[in-house]
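See below for the structure under consideration.
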Amino acid sequence: MKPERILFIVLDGLGDHAYRELDGLTPLEKASSTGLKRLKENGSQGLMDIIAPGVPPSSDVSHLVMFGYDIEREYFGRGPIEALGEGVELEEGEIAFRGNLATVRIENGYPVVVDRRAGRIGSEQTRELTGFLNEELGEFQGFRVRFQPLSEHRFVMVVSGEGLSHEVTDNDPHAEGKPVILCQPVEEARDREGAERLANLVNSITLEAIRRLSRHELNRIRAEKSLQEANAILVRSPGVKRRMASFREKWDLNAACVAAGLLYKGIGRATGMDIYRVEGANGLLNTNIAGKLSKALELLEKYDFVYLHFKGTDVASHSRNPVAKYEFIQRFGENLRLIDESVLTDTTIVVTGDHTTPCDRGMHSGEPVPILVSSGGLRKDDTGVFSEREAARGGLGRMRGCELMQVLLDSIGRTVEYGTRPSPKRVNYMPKQLAYLRLKEV
Ligand code: ZN
Ligand code: ZN
């Protein structure tokens, strides 16, 4: 039996370097004797440059590229994607920023960031303070401003009104001990005037928020208890909500998403996938791996494409902990025993990363990611275990992120010969619904 559906597993930031504490192996290599070995024996591996060699991608861009989206034309920014992930509904044209409640202290007239997360202030207090900001700044200089609380210190700031462009910088310096950044139009802004208008607006809102939050009763109480005051807002990643082609429109596959992280649920929602929650899934190292994998396997019964995301690998990388990363992959690999022989036969299973995050760097790098495709519909290579090193001589060679979906469609026999034209839509696969010629008299 040929595979008919696709299980797409992303271990976030999977690619890495070798470490002495892992016996000179990479975290993936050291965990490769688990269930990953069985998947490897049923397929081929290779290296994938998500964007281009040496270009470190962010997670949202990377996923969209792998799902076949054209970033230049179709990407609308991380702010709205994270907002979508939390179920925040945005209207077409609204500009969304991801934001943090933060602690600043004033030095020589500059607000300097003391804590980017205001002592990880709780969700309850964030709800109260963002509610207060909505009352105070909801109508601001003729524009509408809305603060939507997310978990802990996080919120989304939505701005709308005439003549605004989202092409501005963050005000978040992304580091403690640095002053709040002046929001400015980006150099390549297409609508310079609109971007200047938004930048001025963001700067005024930030100053007003600092002034008003500093006097809020709740901050007085926090100060008394020696807690960090939530006396400032930091905003970043502005984007404007635009309609995006759904995954189904693009590939004619019905798709589901099993992810816990905000951004990943947002990617699923932005691309029109059905989103599923799993008890104990938290986007961290101690997530419910078995629960998520079982859910994904169950969804394969009714979906053509299931996207399953794990964040633990990237979390370990950012905290520069190769042992924790190895242990996470090891646990994931052991849980692959949940995949029975029939699933192995009728499913193309992908395991890859959305970028390389070397633990010794603690940040994303531009190195290619290892990719494993287990499929009865593709050639098998003669490489050993799934690893960055073996992948370099694998049967998938070195591919680009934007080529992946076509390869996967081919593995489930959904492609047509180049130039074949069964439908008005210009695609290289056979659409499920075609228009048929009917006899005049039946
Ligand atoms: Zn990522
Ligand atoms: Zn990361």
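In the structure shown, the pairs LYS40/LYS380; LYS250/LYS425; LYS241/LYS295 are assessed against 19 Å; a Cα-Cα span above that value is assigned to LYS241/LYS295. A simple packing score, the average count of other Cβ atoms within 10 Å per residue, orders the peptides 242-251, 81-90, 109-118 as 81-90, 109-118, 242-251, with the highest score first.
Per-residue Karplus couplings for the stretch 11-27, computed as 6.51 cos²θ - 1.76 cosθ + 1.60 with θ equal to phi - 60°, are listed in order as 9, 4, x, 4, x, 7, 9, 8, 10, 4, 5, 10, 6, x, 10, 7, x Hz, Gly and Pro entered as x.
The string of couplings for the stretch 303-309 from the Karplus curve (6.51, -1.76, 1.60, θ = phi - 60°) is 10, 7, 9, 10, 9, 10, 10 Hz, one whole number per residue in order, with x for Gly and Pro.
Taking only alpha carbon atoms, the stretch 83-240 gives an Rg to Rh ratio of 0.95, where Rh is the Kirkwood radius. In terms of other Cβ atoms within 10 Å, PHE310, PHE305, PHE76 run from fewest to most in the order PHE76, PHE305, PHE310.
Which of the aspartates and glutamates could a cross-linker bridge to LYS30, judged by Cα under 12 Å and excluding same-chain residues fewer than eight apart? Those aspartates and glutamates meeting the cut-off are ASP16, GLU21, GLU327, GLU388.
Between helix 192-214 and the chain, what is the angle of the helix's C-alpha long axis to the longest principal axis, kept within 0 to 90° and rounded to the nearest 10? It is inclined by approximately 60 degrees.
Which aspartates and glutamates have a Cα lying under 19 Å from the Cα of LYS225, excluding residues fewer than 8 positions away in the same chain? Cα-Cα hits under 19 Å: ASP115, GLU124, GLU128, GLU152, GLU217.
Determine the gain in length on full extension of the stretch VAL55-ASP23; use 0.36 nm per residue of separation and subtract their C-alpha separation, reporting nm with one decimal.
Numbers: separation 32, 0.36 × 32 = 11.52 nm, distance 2.88 nm.
Value of the extension gain: 8.6 nm.
Any read-out appearing in this document is the output of simple, stated calculations on the displayed coordinates, not a laboratory observation. Every value quoted in this text rests on a predicted model; they were computed, and no experiment measured them. Quick reminder, even Gly has a Cβ in these numbers, built from the backbone with ideal geometry, and neighbours come from all protein chains shown.
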